[in-house]
Amino acid sequence: MSFMLPQLTTAWDVDRSIYLEEDRVVVVRFGRDGDPVCIKMDETLFKIAEKVKNFAVIYRVDIDQVPDFNKMYELYDPCAVMFFFRNKHMMVDLGTGNNNKVNWAIEDKQEMIDLIEVVYRGARKGHGLVVSPKDYSTKYKY
């Protein structure tokens, strides 16, 4: 399903898409298109894209093709979803300690819609950090 999501192929495209979007949250999935975690996340994002089109726009970026952001955003995981609003990186308290990105596949469509909606509502109020509707601290035990 990753081929169904719009892909940004250059750093200029990524910057431009984040900078130019005024009213919606920009959801960017950084990762490798062939990675199993990215495939699961892309399926979820594709399924919800139509439902969230009024308050979010979703893109994918292959970190091998566009390595410019790997160091800046610490993109060392196989898949990472980040949120931006009015050219500002939105952080989400997921309960995992990493507030910068979601670095696992969320397969539940409603869960992802809720997360994007929380980011949108917080961003509209001027918050830079929002609290996730679900606590993920116990989902993955290390």
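The values are calculated or read from the model by the stated rules, or taken from the named source; none is laboratory data. None of the values given here were measured: they were computed from a predicted structure. Cβ placement follows ideal geometry from the backbone for every residue including glycine, while neighbour counts extend to all protein chains displayed.
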key: Tally, over the stretch 1-20, of residues that are touching a strand residue (DSSP E or B) at 6+ places or on another chain (Cβ under 7 Å) and either surrounded by fewer than 14 Cβ atoms within 10 Å (Cβ to Cβ) or among the polar types (S, T, N, Q) (or both)   = 4
query = Within the bounds of the stretch 82-99, is there any residue that is closer than 22 Å to residue 39 by Cβ, over 15 Å from the mean Cα position of the chain (by Cα) and β-branched (Val, Ile, Thr)?
reply = yes
message = Regarding the stretch 99-110, can at least one residue be identified that is modelled with pLDDT of 90 or more and within 19 Å of residue 16 (Cα to Cα)?
response = no
query = Can residue 57 be described as modelled with pLDDT of 95 or more, outside any loop (DSSP other than H, G, I, E, B) and over 20 Å from residue 135 (Cβ atoms)?
reply = yes
message = Given the criterion in contact with a helix residue (DSSP H, G or I) (Cβ under 9 Å, 6 or more places away or on another chain) and farther than 24 Å from residue 110 by Cβ, identify the matching residue among 13, 42, 68.
response = 68
note = Given the conditions (1) farther than 19 Å from residue 40 by Cα; (2) assigned to a helix (DSSP H, G or I); (3) touching a Ser or Thr at 6+ places or on another chain (Cβ under 6 Å), every one holds for residue 119 apart from (3)
ask   = So which residues in the stretch 90-106 are touching a helix residue (DSSP H, G or I) at 6+ places or on another chain (Cβ under 9 Å) and either part of a helix (DSSP H, G or I) or closer than 15 Å to residue 78 by Cβ (or both)?
value = 102, 103, 104, 105, 106
Among the residues listed as 23, 64, 33, the single one being assigned to a loop (DSSP other than H, G, I, E, B), free of Cβ contacts under 8 Å to residues at least 40 places away in the same chain and touching a strand residue (DSSP E or B) at 6+ places or on another chain (Cβ under 8 Å) = 33
